[in-house]
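The structure appears right after this line, and notes come after that.
The values are calculated or read from the model by the stated rules, or taken from the named source; none is laboratory data. Because the structure is a prediction, the values reported are computed rather than measured. Cβ atoms come from the backbone with ideal geometry, glycine included; neighbour counts cover every protein chain shown. Heads up: the accessible areas ignore ligands, DNA and RNA and are worked out on the full protein's heavy atoms, side chains in. Shrake-Rupley method; radii C 1.70, N 1.55, O 1.52, S 1.80 Å.
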Amino acid sequence: MQTYILRRLLALLPTLFIASVIVFVIVRMVPGDVVDLMLSQNDAGSNNLTREQLLETLGLDKPMWKQYGIWIGDLTLRGDLGHSLWQGDSVLSMIATRLPVTFELGLLAMVIALSVAIPVGVYSAVKQDAAGDYIARSFSLLMLAVPSFWVGTMVTVFPSIWWGWSPEIHFMPFREDPLQNLKQMLIPAVILGLSLSAITMRMTRTMMLEVLRQDYIRTARAKGLKETLILTRHAVRNGLIPVITLIGSQAPILIGGAVILEQIFVLPGMGMLLLDAVNQRDYPVVTGVFFVVGLTVMLINLLVDLSYGLIDPKVRQR
C-alpha cells in the first residue's frame, strides 16, 4: 500500500506541471492588462512610472516562458507562489487565510450531500416504484434542474423583501465564535449540499437496484438473513464503490459551486479571492489559486481511490 501511495503521489507531479503551464498561459491571455488597469486607476504603486518602467517593476517585461521559469523555480525550491501585483502580499499567505473558509463550506456541503443522498438512494432502491421512490426521484430531478447559484440568489432576495432578513455581511471565523460561524455557513452549505446530492442519490439508487438483483443477495435471503443485515453487510458496501468514484469526481463541481456561493453570501473564501484577482488581472494570485485547487482535487481523488479498500475487501487482497 505504501508503494502504491508513493506511485500515485509521484504521478501527480507531471499532471500538476501540465496544469500549471495551462493556467499560467491562459490567465495571461485574458483580455485586458494589469498595467493598463493600474495606470487608469492611478494606483499608488504606478505613480510617476511609465508603462515600460511599471512592466519592469512587476517583472512582466520578460518573455512568458522566462516568467514561468522564474515562477516554477520559486515554487519548487522555496514553495513560493509569488506576490500579488497590487498589494504585494505573499500569494501563499493570502491563500492560507482564505482556504479554511472554502474548506469548511465544502466539507459541510459534502457531509450534507452524503447524509441525504445515500440513505434516500438506498431507500428509493429498496422501495422501488413505491410512493417514496417517486418522491425521491422527483426531488433529485428538481435539484439537478435548479442551479445552486439561483437558489442562493433567491434565498438572499426574497427573505429580505418579505421579512427583512439578509445574510450577515461580517464573517465570523470558527475559532472566534463557532456557533455564529456555523449559522453563517449553514445556509450556503445546505444549498450546495442538496445540489450535489441529486446525482449521488440517483447513482446510489441505480447501483443498489443492480446489487439487489445479484445471486448472492437472493442466496442470503434464502438462508433467512434479516433484510437489514443483507442491506448493510452485503448490498450497501458493494453498491457504494461506483458512488465513491462519483463523489471524487464531484470535487471540481464542489469547488466551483463554492466560488459562486461565497460571492452571494459574502464569505471571504477562495472564491472571492479568485474573482477579485481575475477582475484585477492579478496573475500570480489567479495562478496560485488554480494551482492549489488543482492539487486539492487530485489529492481528493487519491483519497477516494484509497478508500476502496475500506469498503471492498477484494480490493485490499489485490
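What are the residues in the range 148-163 that are farther than 13 Å from residue 190 by Cα, out of contact with any Phe, Trp or Tyr (no Cβ under 6 Å at 6 or more places or on another chain) and not aromatic (Phe, Trp, Tyr), if any? Reasoning before the result, please.
Of all residues in the range 148-163, those farther than 13 Å from residue 190 by Cα come to 150, 153-154, 156-163.
Among the residues that remain, those that are also out of contact with any Phe, Trp or Tyr (no Cβ under 6 Å at 6 or more places or on another chain) are: 150, 153-154, 156-158, 160-163.
Residues satisfying the conditions are 153, 154, 156, 157, 160, 161.
Note on the range 266-282: residues that are open to solvent by less than 10 Å² (accessible area, probe 1.4 Å), part of a loop (DSSP other than H, G, I, E, B) and of a type in the set (A, V, I, L, M, F, W, C) total 1.
Within the range 175-185, can one find any residue that is touching a Pro at 6+ places or on another chain (Cβ under 9 Å) and open to solvent by less than 70 Å² (accessible area, probe 1.4 Å)? Yes; the residues of the range 175-185 include at least one that is touching a Pro at 6+ places or on another chain (Cβ under 9 Å) and open to solvent by less than 70 Å² (accessible area, probe 1.4 Å). Applying the condition of being under 15 Å from the mean Cα position of the chain (by Cα) and of a type in the set (S, T, N, Q) to the range 101-151 and asking which residue is modelled with the highest pLDDT yields 102.
For residue 222, the conditions (1) of a type outside the set (Lys, Arg); (2) modelled with pLDDT of 80 or more; (3) touching a helix residue (DSSP H, G or I) at 6+ places or on another chain (Cβ under 9 Å) are fulfilled apart from (3).
Looking only at residues of the range 76-100 that are in a helix (DSSP H, G or I) and modelled with pLDDT under 85, we find that the one that is least open to solvent (accessible area, probe 1.4 Å) is 76.
Identify, from the list 55, 60, the residue that is open to solvent by less than 60 Å² (accessible area, probe 1.4 Å) and not in a helix (DSSP H, G or I).
On the way: 55 fails: not in a helix (DSSP H, G or I).
That would be 60, the only listed residue that is open to solvent by less than 60 Å² (accessible area, probe 1.4 Å) and not in a helix (DSSP H, G or I).
Condition check ((1) open to solvent by less than 40 Å² (accessible area, probe 1.4 Å); (2) outside any helix (DSSP H, G or I); (3) among the hydrophobic types (A, V, I, L, M, F, W, C); (4) on the phi > 0 side of the Ramachandran plot) across all residues:
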position	(1), (2), (3), (4)
17	no, no, yes, no
21	no, no, yes, no
36	no, no, no, no
70	no, no, yes, no
102	yes, no, no, no
111	no, no, yes, no
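Can you find, within the range 222-242, the residue that is farthest from residue 121 (Cα to Cα) among those that are more than 30 Å from the chain's Cα centre (by Cα) and surrounded by 12 or more Cβ atoms within 10 Å (Cβ to Cβ)? Walk me through it before giving the result.
Keep residues of the range 222-242 that are more than 30 Å from the chain's Cα centre (by Cα), which gives 222-231, 233-234.
Still in the running and surrounded by 12 or more Cβ atoms within 10 Å (Cβ to Cβ): 225, 230-231, 233-234.
Numbers: 225: 22, 230: 16, 231: 13, 233: 17, 234: 16 Å.
That would be 225.
Residues that are under 25 Å from the mean Cα position of the chain (by Cα) and either open to solvent by less than 70 Å² (accessible area, probe 1.4 Å) or over 24 Å from residue 244 (Cα atoms) (or both) within the range 200-219 comprise 200, 201, 203, 204, 205, 207, listed in sequence order.
For the range 292-308, state whether one or more residues are open to solvent by less than 10 Å² (accessible area, probe 1.4 Å), among the aliphatic types (A, V, I, L, M), modelled with pLDDT of 80 or more and at negative phi. No, the range 292-308 contains no residue that is open to solvent by less than 10 Å² (accessible area, probe 1.4 Å), among the aliphatic types (A, V, I, L, M), modelled with pLDDT of 80 or more and at negative phi. Within the range 11-41, the set of residues being more than 24 Å from residue 86 (Cβ to Cβ) and modelled with pLDDT under 80 comprises 11, 12. When residues in the range 129-163 are screened for being closer than 23 Å to residue 238 by Cα, open to solvent by 80 Å² or more (accessible area, probe 1.4 Å) and touching a residue at least 60 places away in the same chain (Cβ under 8 Å), 0 of them pass. Checked against (1) under 14 Å from the mean Cα position of the chain (by Cα); (2) modelled with pLDDT under 80; (3) open to solvent by 60 Å² or more (accessible area, probe 1.4 Å); (4) not small (Gly, Ala, Ser), residue 316 passes all but a single condition, namely (1).
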